[in-house]
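First the structure, in the form of structure tokens, and then the observations on it.
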Amino acid sequence: MDAPLGCGYNVFMFHSKLIQEAHFRAINILHECATPYGFRASAQAAGYPQVWARDSAITFLGAICTGDKDLIRAGKASLETLGRYQSRRGLIPLNVNPDTGYISTENAGAVDSNLWFILAHYLHFHATHDEAFLLRHWPTIDKAMRWLDYQDMNECGLLEVPEAGDWMDLLAVRYNVLYDNVLYYAAKLAHQELAAHLPEGTEVYQGEVDAAGVHERVNLLMWVDRCWVAEHFAEHLEKLKAIRLEWFMLYHNVGTISSRPFYLPFVAFREYGDWCDSLGNLLAVLTGIADGHRREHILRYMLQVGMAEPYPTKAIYPPIFPGESNWREYYRSRNLNLPHQYHNGGIWPMIGGFHVAALVRHGWRQHAEQMLAALAEANRQGTTYEWSFNEWLHGASGHPMGYEQQAWSAAMFLYAEHAVRTGTLPLFDELLAAKPASAVASENNEFHIAPGGGPV
């Protein structure tokens, strides 16, 4: 589709008024969200004034790209604040209000808080090489990793996540969830790599399944190939049976849907989701869970069905409608999660930043540049004023419907801009460089496509 990414990017694009203004406005938003306690999720008083674990980590991605010492200091402060409120068992809180010390417990869960907390420490270490900070906070990092392993309640090697227990806190993803388990692979790899920089004799938690094991399980369970032509399908089934008999039994049911050009959003007790979760799939591309042919299928499918239209990028496609098996009546809460809204197909500029980065990762330079401009336009949309950096937009109309001045919307524009301009992806470049050889060796990078967008 595109020429490989290289030094020949369109430098003139970065002198455009749109990109320049988006850059300037995004940095201002991050400064408004920065506090001595870390990044607030929103600069809007009525928005999200707390320090959120997932929001802070994702915001940190953009802050690192700026090189701004004050913003990097705020990302570091987020880690200190969240670590200070870690529970006795090791849970990193969903969010903390630095003004009151109140810890939020009203959501179904916050499995991804621990995941992003570990990854943010990995990002910080590679950006600063601050070994003293790593050593001081290692007990908290290590405890966060141990807590995660206890979320694998059946010891299958993947996390079991409660319904609506992560960033999609109003959507019925559950049990073995793609998004969380992709991050689980990345967090295990980050934990392993950070441990290599500790003094000899430092206590390091060792789980039963390593990063390569999570990598294998996600690809075995959540990527569906056409069983009647798959070269190694019988071997695939035997591996599933050896890991967990329930997976083997489920796969016979899943196999009836033929192939899918994306990872399933979740797999539960003899059921599965059958839609494209954009963030989970994009993170699979960025972390290296998705090999060459899977990357190609995912990104082509998202292009073909318009997941970045009218703006980047819809949370899921297609949306879930009343009467469907995965519809929940709580989607009507505050009129929020109706089709094309919020997590149910709403547009999230934050996800759009990951989308641009994934295109850069795959070498689709021209497409990445075009999407970056569309992402700037998305962030320019507002209800009462321009450049609101809204939380989310309606998936069909493109009109903003969330809270304004969102830190991660601004940060992921800056990250996407950095990716297109330099071809580098902080955090994900380091994860790819550390990818286990066993995971690399197991990949099949052949790409074939059939009508309908699925793998042959």
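For region 296-314, taking the residues that are buried (at least 23 other Cβ atoms within 10 Å of the Cβ) and assigned to a helix (DSSP H, G or I), the one that is modelled with the lowest pLDDT is identified as His297. The requirement of being over 25 Å from the mean Cα position of the chain (by Cα), at pLDDT below 90, of a type in the set (Lys, Arg) and within 30 Å of His367 (Cα to Cα) is satisfied by Arg226.
Anything in region 140-165 that is under 15 Å from Tyr185 (Cβ atoms) and either of a type in the set (D, E, K, R) or under 21 Å from the mean Cα position of the chain (by Cα) (or both)? List them, or say none. Lay out the reasoning, then the answer.
So in region 140-165, the residues under 15 Å from Tyr185 (Cβ atoms) come out as 145, 148-149, 151-152, 156-159, 161.
If the condition is that a residue be under 15 Å from Tyr185 (Cβ atoms) and either of a type in the set (D, E, K, R) or under 21 Å from the mean Cα position of the chain (by Cα) (or both), then Met145, Leu148, Asp149, Gln151, Asp152, Gly157, Leu158, Leu159, Val161 are the ones that fit.
Among residues of region 315-349 being touching a Cys at 6+ places or on another chain (Cβ under 9 Å) and not in a loop (DSSP other than H, G, I, E, B), the one that is surrounded by the fewest Cβ atoms within 10 Å (Cβ to Cβ) is Tyr317.
For region 364-375, indicate whether the set of residues that are over 16 Å from the mean Cα position of the chain (by Cα), modelled with pLDDT under 95, over 15 Å from Glu309 (Cα atoms) and not polar (S, T, N, Q) is non-empty. The answer is yes, given that some residue of region 364-375 is over 16 Å from the mean Cα position of the chain (by Cα), modelled with pLDDT under 95, over 15 Å from Glu309 (Cα atoms) and not polar (S, T, N, Q).
Close Cβ contacts (under 9 Å, 6 or more residues apart or on different chains) running from residues in region 89-107 that are within 13 Å of Asp166 (Cα to Cα) to residues that are surrounded by fewer than 18 Cβ atoms within 10 Å (Cβ to Cβ) and among the β-branched types (Val, Ile, Thr) comprise Pro93/Ile103; Pro93/Thr105; Leu94/Ile103; Leu94/Thr105; Asn95/Ile103. Among the residues that make up region 176-197, is at least one of them in contact with a Gly (Cβ under 8 Å, 6 or more places away or on another chain), assigned to a loop (DSSP other than H, G, I, E, B) and surrounded by fewer than 21 Cβ atoms within 10 Å (Cβ to Cβ)? No, every residue in region 176-197 fails to be in contact with a Gly (Cβ under 8 Å, 6 or more places away or on another chain), assigned to a loop (DSSP other than H, G, I, E, B) and surrounded by fewer than 21 Cβ atoms within 10 Å (Cβ to Cβ).
Considering Ile27, Ile64, the condition of being buried (at least 23 other Cβ atoms within 10 Å of the Cβ), in contact (Cβ under 8 Å) with a residue 60 or more places away in the chain and either over 19 Å from Ile141 (Cα atoms) or of a type in the set (D, E, K, R) (or both) is satisfied by Ile64 alone.
For region 16-131, the helices (runs of 4 or more DSSP H) that sit wholly inside it and include 1 or more residues that are in contact with a Lys or Arg (Cβ under 8 Å, 6 or more places away or on another chain) and modelled with pLDDT of 95 or more are 17-33, 111-128. Suppose we filter Gly398, Gly453 for residues that are touching a Phe, Trp or Tyr at 6+ places or on another chain (Cβ under 6 Å) and either modelled with pLDDT under 95 or of a type in the set (Phe, Trp, Tyr) (or both); which single one remains? Result of the check over Gly398, Gly453: Gly453.
In this structure, does Gly213 turn out to be modelled with pLDDT of 95 or more and either within 18 Å of the chain's Cα centre (by Cα) or small (Gly, Ala, Ser) (or both)?
Numbers: modelled with pLDDT of 95 or more: yes; either within 18 Å of the chain's Cα centre (by Cα) or small (Gly, Ala, Ser) (or both): yes.
Here the answer is yes, as Gly213 does meet what is asked.
Scanning region 378-391 for residues that are in contact with a helix residue (DSSP H, G or I) (Cβ under 8 Å, 6 or more places away or on another chain) and either free of Cβ contacts under 8 Å to residues at least 60 places away in the same chain or over 11 Å from Pro349 (Cα atoms) (or both) gives Glu386, Trp387, Ser388, Asn390.
The values are calculated or read from the model by the stated rules, or taken from the named source; none is laboratory data. From a predicted model like this one, the values you see are computed outputs, not experimental measurements. Cβ coordinates were reconstructed from backbone atoms using ideal geometry, including for glycine residues, and neighbour counts include every protein chain displayed.
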